[in-house]
Each structure stands twice: as structure tokens, then as C-alpha cells.
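Below: one structure, written as C-alpha cells.
The values are calculated or read from the model by the stated rules, or taken from the named source; none is laboratory data. Being a predicted model, the structure only gives us computed values, none of them experimental. Cβ placement follows ideal geometry from the backbone for every residue including glycine, while neighbour counts extend to all protein chains displayed.
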Amino acid sequence: MVMKPAEPRRAPELSAESAVGGSAQSPPGAGFLTPDRQAQLLHWYEQMVLIRQFEEAAAEMYTRAKIGGYLHLNIGEEATVVGSMGALAPQDYVFSNYREHGHAIVRGVSPRAVMAELFGKATGTSKGRGGSMHIFDVEKRFLGGYGIVGGALPLAVGAGFAMTYQSSDAIVMSVFGDGSTNIGAFHESLNMAELWKTPVVFLCVNNLYAMGKSVAEETPVTEIWRKACAYDMAAERVDGMDLLAVYEATTRAADRARQDRRPTLLEAVTYRYRGHSMADAGTYRTAEEVEHWRRRDPIVTFRGKLISVGLIDEAGVDEIDKRVEEIVTDAVEFADQSPFPDLSTLYDFIYCESAEEREVTGG
Amino acid sequence: MAKITYREALRQALREEMQRDPSVFLLGEDIAQFGGAYKVTQGLYDEFGPERVKDTPISEEAIVGAGIGAAMVGLRPVAEIMTINFILVAIDQIINNAAKISYMFGGQVCVPVVIRTPQGAGHQLGAQHSQNFDVYFAYVPGLKVVCPATPADAKGMLKTAIRDNNPVLFIENLALYNTVGEVPEEEYLVPFGKARIAREGRDITIVAHSRMVLTAMEAADKLAKEGIEAEVVDLRTLRPLDIQTPAESVRKTTRAIVVGEDWRSYGVSAEIAATLQEEAFDYLDAPIARVNTAGIPMPYSKPLESAALPHADKIVATAKAMLPRRFRK
């Protein structure tokens, strides 16, 4: 199948069957593991470990009722998160969904501020107004986690249009799940993005389940990347458990956006070890299936590669674990000790306005 | 003062703001060479080009969503939704994104997007093209909702909307586009949250917005011929709502009718009536009355459609029934 106009690239070793089945593949980008990139590679490894430990701590704090509401974790998806964010430039914008703690942290948002937001504290990224689903950091150009499936895709198209309008070299990434690709906003957004030649990377994190429904139960097109052909958009499918594969594929999509002003639909096939949220025990999946994917764990796999080429040793691994543990412990302590928002601020931020204007708009 | 149509007033506002601020751009269905379904944007494509007058596919959710996204990164989009009936497929973007983004992200970003759209009935367009949904948006904290009734307000409020840092639902009315009124020659802005006394009177207050202001004025003329002086209050803005202006009027007249082109139950008129009785209960000499469109899907057939709509005669009859016996003939 040839997709025009941009030549699609499809990781040939990753068929739908193998992706869903999760069999390990030879890594694309093995030649990338060279000593001159050691600092970058170790940083990525550390970021994956940070996401894992941060999310495990969040889950624990949820069970201790320090965190309320919903809590959707990135555990299992670390390679997709770090590989995709790693391919972006500081000036680029990211719109995500409600499973976004990892994206925010890798984008540079302080783990303290993210954890404090989960705790509902005044020191959180969104000053306690958002919670787990609504992390935001304008400085890091992380333009938010959104709670409505597919709802943030049109925002990315508009931001992408604005980049061209403003003659900016920044691009926009839109992160969403496989379930989003069945909603109208997805189709309107892809259509408009290609029609207007907007510099947007649509990253579908296909973790094979939309809440309790498997991809095959939700759509006849289980290879999500193929949906791009309806809009003549470049597309690619990549093994989302392989950090380097995700990084390379995202780099191609980002280059296409930055240089050619063209969008891409990038599908990263991955797996969440936990349920959809903390309230979901995941009974719709077999223990064997989960175990199968755990054997392809992105952190273990990447660590093995780094060790095999001599870029890290066991002592180095332990050092990173320890450092991350300190960061996460510090984030939890910071969140716990931070104050809740003052009740007098209940009506703050409804509108962007001066004090005089607020007199008029009231509550 | 120049006499121009409501349509021309809107076009002047768009042109002036686009000339003043390069971050202002328009997007919508057939707004470019076609000039818009109701010709509001006619001529702007020739003046400003395809990047600033941007035609879109028929994708209301993407139109509104793209406007929000562009606003978040520094532009001032003015999105046109051809009629308010089509906005329902974009309501998720307006309510879950535009209205929430400032608040739920702790005030880190503003969403200066304007969504222009006409509502209103009376053109035999049937059940799916004759609706009034301003209440859906006036209900939502985080939005601003304005409904100008005159060409002067249309121009001054659209300019204010474009300069506002918040999402604004700028709700026009199909039947107002061809109406004519005086508009100042010099630059001016009309602030939000300030109602207008459209006509002074001592006997009864008629509160209205959008096209119903004209209907209320017609009713006031008829009442005047019978010696009844009605005061007409044009709300102009539904959110933020200026309740003090109509409340002061009611304290003076002691009677009020709230007129709306929307359905009566749970509508704008219900909110106004409830708030007025909170503000002026001790002054009221009669229950606050409401005159609205019949609670039915709008029928096509002309006599049925006409019977469903609020007319001046209904307001007159309602007013006379509320007034003391000396006013009744």
C-alpha cells in the first residue's frame, strides 16, 4: 500500500499481529547507541525511570486518598512518552489528553508541581484547579491535559495554523489514544490539518484499549495509521515499546512538519500495564496478555541495550534509580507539605481580566 | 452619524479591527470569496487575502477548536458559524475547552476567540434552522455572551469582543442584518455588561435582548397610543449580565415583562425574571410576566410559524392585563 503524497514509512517488522501480540523485534536505530550520544541516551533512560517511579508513587498516594478524582497512569508507555517528547524542540507546543503526567515531566515541567497538582495544592501546575487530567505549563509550552476524548485535536490544528501565520518555526504535537480515532473531532482535525498544511504531529498512543474495549472491538481499522489515508496524510506505525524507534519516527514527522509544513499521523503501539484509571482493575485482559507485554518492558529493554553496548553498567543503573527515587520522594513531600488553595481564590481565573473588569463579570 | 445596516456595521467592525491588529483573522464556512452566507464578510477577502479570511470545510467542531487553539498561542480569531443551529456539533469545544481553559489551568493562558453566529426565527426555515440558543452559552461561566440589537451596538460590541481576552459568543440575529440605524463616524467601543434604556417610560418595564428589543419597541409604540408609557430595557449582554439597569427600571414602574425569542421554560427570560424578583421584590405590583416563542419545534407553514413567535400584540395584551383597571379599555 502506497500512501501519497509523503512517502509513508511503516516499521516493516511490526505487523498488526506482532504489535498486538507484542513479540519482540530487532530494534530499529541500534546504530544510534554510540558513545557520543551517551549523555542523551542516559538522560532518556532516566526520564523513563522517572515516569515509572512517579506514576507508582502517584498510584500509592491515590490509595492513601492523597489524590482524588481520576488517575490515569503512563506505566508501560514510557518509551512512547520519552521517545516522542525527545524529538521535539523547546519552542514546540504539546497538547495531550488525560494520561499526561509523563509527557509534562519529560517536557520539563517540575515533578514537584505535577505531584502538587495531583494533590490539589496551590503549588500545582494549575494551582489546584485542574488535577491529574489538566496539567499545564505555559513556560514549557505544554498546553494541557484534556479530559474529553479527542477534544484537544482541533486545538492543535489551530495552534499549527498559527505557527504558519506567525512565520514561526515551532511545530505542534497532539497526543491522544486509540479510542480518540473513532470520534468526529479526530476526523475533522486530520482533514483540516492536511487541507491547510499545518505543522502538526498527531501522535496516537495506541495502547490497544479504549477503557475496557479492545481496538478490534472499536474500529474495523485496527492499524490506526491507515486512517490517515482518508485525508491523504503521511502516516507511520512504530513499536511504542522501543524508545529509539519512537524517537526516530517522531523526528521524521517533526521534520516533515517543520520543513515541509505537513502533518503526520504517527501511531505508537504500546501497552498500559494498569487499568484505564485507578478505578479499573483491567479484568477484560488476561493475565497472560499483561505478562506478555511486561516481558517487553521498555525500561528493561532499553537498559539491556545500553548495558550491552557498554554505555552503562549496573552501578550506573543503581545510581539513576537512586537519583530518581530522591526526585520522586521530594515531589511527594513537596506536594504533601504545600498548602491547599485559599478559599478566597475560588472565583479566580474564570476570566482573563483586570481587577476592574472582574467587577463587571463577577462570578 | 451615518445610517447603515446591522450587516454593514459588523463588516466595518471586522475591517477596522483587522486593520488595527494583524493578529486578527477570520475563519468560517464560505466567508472568503463567497462573502459569508449572510454576506457579513463580503469584500474582506479581497482586502486582506486568504490567510486572514480563511475558508474552512463544513467542520464546526474543528472551526471553533482551531480558533481556540490559535487564540491560545497569540492570535485573535473571529470564527463564523453560519447559523447557531450548526453550533451544537461544536458545543464541546465551546463549553469544555473555551470556557474552561483559563480556569482549569490556573489562569496561565487566555482564549481571546470570538465566535460570531446568527440565531432567530421567522423565515420559514423550519425546525432545524430557526432556533435560539444564546441561553446554552449564557449558562456557562468562562464565556461572555453578547446579543446586540442595533447597528451601533453591533459595531461597538464586535470591536470590544475582538479586543477582549476571553471567549466571546457574539450572537447576531437573521432578522436584524437588514435593519438600519445610526452609527457614529468616529471610532468607539461599547462595553460589555451595561444594559441600555432603549425607551423611557413610567408604567411598565419591558426587558428584551437581540431582535426582541425591536419587537418590544413596537409594542411600546402601540401602548403609548393607549396612554401607557412602557420603558424598554435592552440587555445587550447576557454574560456578564447587568441586572441593575432593569432592576432600577422595575423599582420605578413596579411591573415587568421579559420578552425572549427563546423558549420560555428554563430560558433567558426565566433567569431575568428570577433575578429581578430577587432585586426588586418589594416594589413589584404584579408577578413578572414572560412572553416567549411557543414551546414547540418551529413549524414551516407561515401562519403556524407566526403564531409561535412573540409579537408586539402579545406584549401589548400581556401589559394591559398586568396594569391597573384604569389602563384597560
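Taking the condition of being of a type in the set (Ser, Thr, Tyr) and in a helix (DSSP H, G or I), how many residues in the range A:78-108 meet it? So that I can check it myself, show each step before the final result.
Start the filter on the range A:78-108 by keeping residues that are of a type in the set (Ser, Thr, Tyr), which leaves A:80, A:84, A:93, A:96, A:98.
Filter once more, so that each one left must be in a helix (DSSP H, G or I): A:80, A:84.
Number satisfying all stated conditions: 2.
Any idea how many residues of the range B:50-91 are part of a helix (DSSP H, G or I) and at positive phi? Break it down into steps so the answer makes sense when it comes.
First pass over the range B:50-91, keeping only residues part of a helix (DSSP H, G or I): B:60-72, B:84-91.
Now restrict to residues that are at positive phi: none.
Qualifying residue count, the range B:50-91: 0.
Spot the failing condition for B:ASP46; the list is (1) of a type in the set (Asp, Glu); (2) over 24 Å from A:GLY145 (Cβ atoms); (3) buried (at least 18 other Cβ atoms within 10 Å of the Cβ), and only one is missed.
(3)
Yes/no matrix, rows are residues, columns are (1) more than 21 Å from A:THR222 (Cα to Cα); (2) in contact with a Pro (Cβ under 6 Å, 6 or more places away or on another chain):
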residue: A:LYS121; (1), (2): yes, no
residue: A:GLY124; (1), (2): yes, no
residue: A:HIS134; (1), (2): yes, no
residue: A:PRO154; (1), (2): yes, no
residue: A:GLY160; (1), (2): yes, yes
residue: A:TYR165; (1), (2): yes, no
residue: A:PRO199; (1), (2): yes, no
residue: A:LEU203; (1), (2): no, no
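For the range B:98-142: of the residues being of a type in the set (A, V, I, L, M) and touching a Lys or Arg at 6+ places or on another chain (Cβ under 6 Å), which is farthest from the other protein chains (Cβ to nearest Cβ)?
Result: B:ALA138.
Out of A:SER132, A:SER96, which single residue is in contact with a strand residue (DSSP E or B) (Cβ under 6 Å, 6 or more places away or on another chain), buried (at least 24 other Cβ atoms within 10 Å of the Cβ) and either modelled with pLDDT of 95 or more or over 25 Å from B:VAL78 (Cα atoms) (or both)?
Numbers: A:SER132 fails: in contact with a strand residue (DSSP E or B) (Cβ under 6 Å, 6 or more places away or on another chain).
Matching residue, one of A:SER132, A:SER96: A:SER96.
How many of the residues in the range B:301-329 are at pLDDT 95 or above, surrounded by fewer than 12 Cβ atoms within 10 Å (Cβ to Cβ) and not in a helix (DSSP H, G or I)?
Total meeting the criteria: 1.
Going by the conditions given, is A:MET115 farther than 24 Å from A:LEU266 by Cα, assigned to a helix (DSSP H, G or I), more than 14 Å from chain B (Cβ to nearest Cβ) and in contact (Cβ under 8 Å) with a residue 12 or more places away in the chain?
Working: farther than 24 Å from A:LEU266 by Cα: yes; assigned to a helix (DSSP H, G or I): yes; more than 14 Å from chain B (Cβ to nearest Cβ): yes; in contact (Cβ under 8 Å) with a residue 12 or more places away in the chain: yes.
The answer is yes for A:MET115.
Test A:SER126 against the criterion of being in a loop (DSSP other than H, G, I, E, B), more than 9 Å from every other protein chain (Cβ to nearest Cβ) and surrounded by 23 or more Cβ atoms within 10 Å (Cβ to Cβ), and give yes or no. Before the answer, list the steps.
Working: in a loop (DSSP other than H, G, I, E, B): yes; more than 9 Å from every other protein chain (Cβ to nearest Cβ): no; surrounded by 23 or more Cβ atoms within 10 Å (Cβ to Cβ): yes.
No.
Could you look through the range A:195-206, keep only residues that are under 26 Å from A:VAL82 (Cα atoms) and outside any loop (DSSP other than H, G, I, E, B), and pick out the one that is nearest to the other protein chains (Cβ to nearest Cβ)?
Taking the range A:195-206 first, the residues under 26 Å from A:VAL82 (Cα atoms) are A:198-206.
Imposing the further condition that a residue be outside any loop (DSSP other than H, G, I, E, B) reduces the set to A:200-206.
On the way: A:VAL200: 10, A:VAL201: 14, A:PHE202: 13, A:LEU203: 16, A:CYS204: 17, A:VAL205: 20, A:ASN206: 22 Å.
So, considering only residues that are under 26 Å from A:VAL82 (Cα atoms) and outside any loop (DSSP other than H, G, I, E, B), the one nearest to the other protein chains (Cβ to nearest Cβ) is A:VAL200.
Looking at (1) within 9 Å of chain B (Cβ to nearest Cβ); (2) in contact (Cβ under 8 Å) with a residue 60 or more places away in the chain, find the lone condition where A:TYR165 falls short.
For A:TYR165, the failing item is (2).
Has the range A:58-74 got at least one residue that is within 15 Å of the chain's Cα centre (by Cα), within 12 Å of another protein chain (Cβ to nearest Cβ), crowded, with 21+ Cβ neighbours inside 10 Å and part of a loop (DSSP other than H, G, I, E, B)?
There is no residue in the range A:58-74 that is within 15 Å of the chain's Cα centre (by Cα), within 12 Å of another protein chain (Cβ to nearest Cβ), crowded, with 21+ Cβ neighbours inside 10 Å and part of a loop (DSSP other than H, G, I, E, B).
Rundown of residues vs (1) without any contact (Cβ under 8 Å) to a residue 60 or more places away in the chain; (2) of a type in the set (Asp, Glu); (3) out of contact with any helix residue (DSSP H, G or I) (no Cβ under 6 Å at 6 or more places or on another chain); (4) farther than 21 Å from A:PRO298 by Cα, yes/no style:
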| position | (1), (2), (3), (4) |
| --- | --- |
| A:ALA185 | yes, no, no, yes |
| A:LEU190 | no, no, no, yes |
| A:ALA193 | no, no, no, yes |
| A:THR198 | no, no, no, yes |
| A:VAL205 | no, no, no, no |
| A:VAL221 | yes, no, no, yes |
| A:TRP225 | no, no, yes, yes |
| A:ALA228 | no, no, yes, yes |
| A:GLU248 | no, yes, yes, no |
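Which strands (runs of 3 or more DSSP E) sit wholly inside the range B:136-189 and have at least 2 residues that are crowded, with 22+ Cβ neighbours inside 10 Å? Before the answer, list the steps.
Numbers: elements: B:144-146, B:168-173, B:180-183.
In the range B:136-189, B:144-146, B:168-173 are the strands (runs of 3 or more DSSP E) which contain 2 or more residues that are crowded, with 22+ Cβ neighbours inside 10 Å.
Table: residues versus (1) in contact with a Pro (Cβ under 6 Å, 6 or more places away or on another chain); (2) farther than 30 Å from A:THR164 by Cα; (3) part of a loop (DSSP other than H, G, I, E, B).
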| residue | (1), (2), (3) |
| --- | --- |
| A:ALA216 | no, yes, no |
| A:ARG237 | no, no, no |
| A:ALA249 | no, no, no |
| A:ALA253 | no, no, no |
| A:ALA257 | yes, no, no |
| A:LEU265 | no, no, no |
| A:ALA268 | no, no, no |
| A:ARG274 | no, yes, yes |
| A:SER277 | no, yes, yes |
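Please specify each residue of the range A:129-162 satisfying the condition of being facing chain B (nearest Cβ under 9 Å) and among the aromatic types (Phe, Trp, Tyr).
Residues satisfying the conditions are A:PHE136, A:TYR146, A:PHE161.
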